[in-house]
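See structure below.
The values are calculated or read from the model by the stated rules, or taken from the named source; none is laboratory data. Since this is a predicted model, take the numbers as computed values, not measurements. Every residue, glycine among them, receives a Cβ derived from its backbone with ideal geometry; neighbour counts consider all protein chains shown. Keep in mind that these areas ignore ligands, DNA and RNA; they rest on the heavy atoms of the full protein, side chains included. Shrake-Rupley method; radii C 1.70, N 1.55, O 1.52, S 1.80 Å.
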Amino acid sequence: MARMKRNLAIGAAFIFLTVACDSEKTPDGESVPRSDQLTELKKISVNVDPLGELKGQPQMVSEVQYGDGRLIAYVTSDSCGIVTTSNSDPRRNDIHLVSKWPSGGRGTDTLSAGPYNNASGNGSGKAWASLLCSKDAMVIEYTPDGASSSLGQIRGEATVTQLPGKQAVSRIIIGDPGTRQQIQKHADDPEPAS
C-alpha cells in the first residue's frame, strides 16, 4: 500500500510539473497555456519576396498593407524580423529590423509572452518602427510615412490596433490567438487593479 501511495505521489508530482511547465502567468496573475513558438505559425506567401537571399531561411508570418506600402513580419530559427516596402518597388526595403530571441534570462518582460529583445529604426519621411521579439510573439509599433498611411489588408496571425492618443501609430501583435489576446489586454491595461 505504501509503495502504491508513493507511486501515485510521484505520478501526481510529474503531472503537476508538466502542467506548470506548459503554462505561464500573465501580469494579472491568470494562468495561460504556453503558446506555440512563432516558428509554428502558419506561413504566408507574398508577392515579390523583399528579403531576397537573407540567411536563416525566413518564414513570412504576417503582411499588413498601408496604402502603397506593406509591413512584412518574418521569423527564422532564432530571431524575428520586419521589413517595410512599397508595392511600386517591392525589392527596396525602407525599414528592416531584426532581433534575436532573448536567452539566458535576458530581455524585458514589459508584456505577456516575454521576455523580449527589441530593435527600432526609422525609414524615409516620417516612417518609424519598433520591434519587440520573443520566441512566442512579436509586438510592433509602426508609423508609416504620411503619404501611405491608410491601413489596408491584414494577412497572417496578426492583430492590428491604433495606439490610444496616437492615431498615426499602429500596434501589430503577432502570435497565436490566445497570446495576441493576452498581450492586447496587458497593453491596454498594464496596471491590473488590486
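Below are the figures for this structure:
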{"item": "Options S45, S31: the member that is loosely packed, with under 13 Cβ neighbours inside 10 Å and at pLDDT 80 or above", "result": "S45"}
{"item": "The listed residue being in a loop (DSSP other than H, G, I, E, B) and open to solvent by less than 70 Å² (accessible area, probe 1.4 Å), out of S103, S88, S112, S99", "result": "S112"}
{"item": "Selection count, segment 120-141, where residues are over 13 Å from the mean Cα position of the chain (by Cα) and outside any loop (DSSP other than H, G, I, E, B)", "result": "5"}
{"item": "Subset of segment 48-85 that is in a loop (DSSP other than H, G, I, E, B) and β-branched (V, I, T) - its residue that is least open to solvent (accessible area, probe 1.4 Å)", "result": "T76"}
{"item": "Residues that are assigned to a strand (DSSP E or B), of a type outside the set (A, V, I, L, M, F, W, C) and loosely packed, with under 15 Cβ neighbours inside 10 Å, drawn from segment 142-182", "result": "G152, Q153, T161, Q162, K166, Q167"}
